[in-house]
Amino acid sequence: MSGPGRPGRDDSPDRLYTLTGGRSRSGENSPFDLVTLVVAECDPAPGMQSEHAAILRMTERPTAVVEIAAELRLPVSITKILLTDLLDAGRVSARHPRREAVPDLDILEQVLVGLRNL
Amino acid sequence: MTSPTPSGERPSLRGLLPALVLTAVPAALAVACAVVVAPDSVRVPLALGGSAAGLLLCAAVAVAVHGVLSARAVRHRLESVTQDLSRALQERARFAEETRQERIRLTGELDRERTRLTAELDHERTRLAESLAAERARLTEEHAAESARLADEHAAESARLAEGHAAERARLTEENARLAARLREAESLRSAAVSATANAAGRMQALATGMLADLRAMEERHSDEDVLADLLHLDHRTAQAGRLADSVAVLTGARSGRRWARPIGMESILRGAMGRINGYQRVRVHSTSGAAVAGHAAEAVMHALAELLDNAANFSPPTAEVHVYVEEVPAGAIVSVEDSGLVMGEAQLRRAERAVSGEGTGFGGLTGTRLGLAVVGRLARRYGLKVSFRPSARGGTGVLMLVPQDILVARDGSAAPAGPAAVQAAPAARALPSAASPAPELPRRRGASPAAAPEQAAGTARAAAPAGTGADPGPEPTHESPAPSPASPDADALPRRRRGRTLAEAERARSANRSAPQRPAPTPEETRTRAARFGSFRQAVRGTPEPSGTARGTAGPAPGGDVSGPGPASGPAPDGHAPDSGAAGTAPTAPAPSHPHPHPEGDPTS
């Protein structure tokens with residue numbers, strides 16, 4: 001998380017473990033993966049953890065987990081823990097993208113190979 | 001005097017008798033003759049007459065005789081009285097004579113006695129005068145001798161004392177010089193030790209800061225939850241080590257840790273403080289405050305709060321929670337830390353109050369294990385924090401820390417983390433402070449104009465743009481490097497330093513300046529970002545173990561990976577994977593999987 005001009009520096013005093021209360025796992029049966037779409041079920045409330053509020057603002061429209069992580073500039077695992085908290089509180093709902101929209105793995109590999117050959 | 005003479009007094013009968021007889025008898029004879037001779041006719045009258053005349057004659061003779069006798073007696077008495085008188089006169093003369101003689105005698109005696117006494121007196125007086133004079137002379141002499149002796153003794157004693165005094169003084173002077181030398185030596189030793197400690201602490205701080213940044217970068221990079229857990233553990237330990245280094249640095253008078261280039265929101269302050277203590281999971285934060293602490297003071301506030309939280313957590317039962325409340329008041333923001341542990345005693349409370357008042361600046365009261373309150377005291381003194389203790393309603397001790405208004409910066413209520421959406425807002429927000437160049441003290445209160453104006457400017461990019469970043473220019477150069485034209489005049493101008501900004505700020509401005517020429521052609525950067533994202537995406541989708549071996553291909557990957565996964569890259573969302581421009585410019589295709597270290601790790605302490 002270091003800016004390009006200042007190697008070795010991060011720009012926020014928050015340590016990641018303080019965001020999650022020390023947890024580093026989102027649980028065994030976490031419904032979230034990278035592309036799970038998340039939709040907010042309520043508006044951010046005052047006194048809420050700022051990341052939760054930001055997630056709720058961000059997911060007024062369905063948003064993928066990776067996007068949320070990128071917006072928050074947090075690792076995906078941490079984001080998943082935050083999302084699990086929100087899901088447990090009923091503040092967001094998650095759904096997977098439709099199966100049909102998911103291309104085959106072979107196609108993806110082919111695309112990758114093609115990109116590498118560029 | 002007069003002896004009674006019976007003849008003289010009572011001569012009558014016996015003395016008168018002869019005369020009477022003598023008279024009566026002739027008279028009787030005369031009368032008897034006359035009667036016998038006289039005729040018978042005249043005889044009777046003649047007898048009568050003649051008797052009467054005889055009687056009368058007898059009476060007259062008696063009276064005359066009586067008179068003669070009386071005169072004779074009186075004369076006799078007179079003579080005797082005269083004799084008595086003369087005798088008395090003689091007696092008196094004799095007596096007078098005697099008296100005179102006696103008087104003469106007495107006078108003589110008196111005179112003699114007087115003379116004798118006078119002589120005696122004179123003599124005595126003379127003797128006394130002499131003895132007095134002698135005594136006086138003796139005493140005078142004695143006194144003179146005593147005086148001389150005492151004067152001698154005094155002089156000797158004075159000389160001895162003066163000598164002793166001089167010796168003592170010389171000894172003390174020597175001692176003084178020796179002590180002064182020792183003091184100088186100790187002072188120099190102390191300052192050397194302090195500066196060595198400060199230096200070491202500073203290097204420890206730099207190391208800890210660098211390690212924290214590295215750990216953060218690693219946490220970004222490794223998606224494996226086991227690795228992440230280990231990294232977070234290391235992160236926590238490193239943060240505590242950094243706090244200890246900060247404490248030593250503060251106590252040795254060095255500056256406290258790093259300086260932040262932008263105001264830090266209260267939530268981040270609290271979490272930053274929590275992250276540095278062991279029992280952070282027991283801390284419960286209740287805060288709706290939108291205030292932020294100015295960058296130059298944020299580290300100090302965090303550090304002081306961390307020490308207070310650590311105290312509260314250490315002195316309460318291991319399962320009890322520590323509650324933190326933030327309240328905004330006109331004087332600033334009050335952070336109260338309440339535990340349910342031990343109640344401090346009176347003396348303990350006084351000692352703690354004295355420690356946090358920052359009065360004693362020496363190392364006297366430090367015990368080695370109780371640095372915390374002394375650190376708080378130093379920080380409070382330097383940054384005007386006010387710390388007080390009181391019994392907590394939770395049964396333990398409550399600590400109130402007032403963060404004064406002049407190190408607070410108003411912030412918009414919903415403080416979102418500085419996301420990529422701030423990119424659009426940043427130029428507009430940056431244009432204002434550089435044009436108006438307000439003093440950093442200006443945006444103190446919520447709703448002050450410098451804070452409000454950026455919000456208007458950022459109105460187009462509402463999404464998550466924190467107007468708070470407008471109070472201070474954008475936090476990191478990351479946000480400004482892709483900045484459109486409004487930033488360019490600022491980049492051309494000389495770097496301006498403002499209070500609370502350090503060398504890092506100038507460095508940042510320089511780097512912005514340097515990156516300005518790259519700005520017109522953002523495409524390579526976007527390409528790089530996309531490539532990086534695609535690389536990580538591919539890695540996640542395929543679940544292929546990395547060379548280091550994140551050996552869980554089943555967990556992470558979503559088989560239904562969307563091709564539009566790189567979509568977020570359309571918004572310029574730079575994350576930690578964005579490598580340096582020089583490094584990735586040559587190989588934009590697949591830098592991430594093969595090269596997991598986007599920037600050099602070797603100089604974290606630079």
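The values are calculated or read from the model by the stated rules, or taken from the named source; none is laboratory data. What you see is a predicted model, and the numbers here were worked out from it, not measured in a lab. Glycine also receives a Cβ, built like all others from the backbone with ideal geometry; neighbour counts cover every protein chain displayed.
So here's what we get for this one:
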{"quantity": "Residue identified as buried (at least 22 other Cβ atoms within 10 Å of the Cβ), more than 44 Å from the chain's Cα centre (by Cα) and farther than 25 Å from B:ARG381 by Cβ among B:ASP226, B:ASP214, B:ASP235", "calculated": "B:ASP235"}
{"quantity": "Sole exception among (1) out of contact with any helix residue (DSSP H, G or I) (no Cβ under 8 Å at 6 or more places or on another chain); (2) within 14 Å of chain A (Cβ to nearest Cβ) for B:ALA186, by number", "calculated": "(2)"}
{"quantity": "Residue tally, condition within 14 Å of chain A (Cβ to nearest Cβ), over 33 Å from the mean Cα position of the chain (by Cα) and either part of a loop (DSSP other than H, G, I, E, B) or not acidic (Asp, Glu) (or both), over segment B:282-340", "calculated": "24"}
{"quantity": "Residue in segment B:231-251 that is facing chain A (nearest Cβ under 10 Å) and either part of a strand (DSSP E or B) or closer than 18 Å to A:GLN49 by Cα (or both) present", "calculated": "no"}
{"quantity": "Qualifying residues in segment B:321-353 (those that are at pLDDT 85 or above and out of contact with any strand residue (DSSP E or B) (no Cβ under 7 Å at 6 or more places or on another chain)) - the one surrounded by the most Cβ atoms within 10 Å (Cβ to Cβ)", "calculated": "B:GLU328"}
{"quantity": "Tally of residues being in a helix (DSSP H, G or I) and polar (S, T, N, Q) across segment A:44-90", "calculated": "4"}
{"quantity": "Residue that is modelled with the highest pLDDT, among those in segment A:4-47 that are within 20 Å of B:MET218 (Cβ to Cβ) and among the charged types (D, E, K, R)", "calculated": "A:ARG15"}
{"quantity": "Enumeration of residues in segment B:34-47 that are part of a helix (DSSP H, G or I) and surrounded by 12 or more Cβ atoms within 10 Å (Cβ to Cβ)", "calculated": "B:ALA34, B:VAL35, B:VAL42, B:ARG43, B:LEU46, B:ALA47"}
{"quantity": "Verdict on B:ARG271 being part of a helix (DSSP H, G or I), without any contact (Cβ under 8 Å) to a residue 24 or more places away in the chain and closer than 23 Å to B:GLY398 by Cα", "calculated": "yes"}
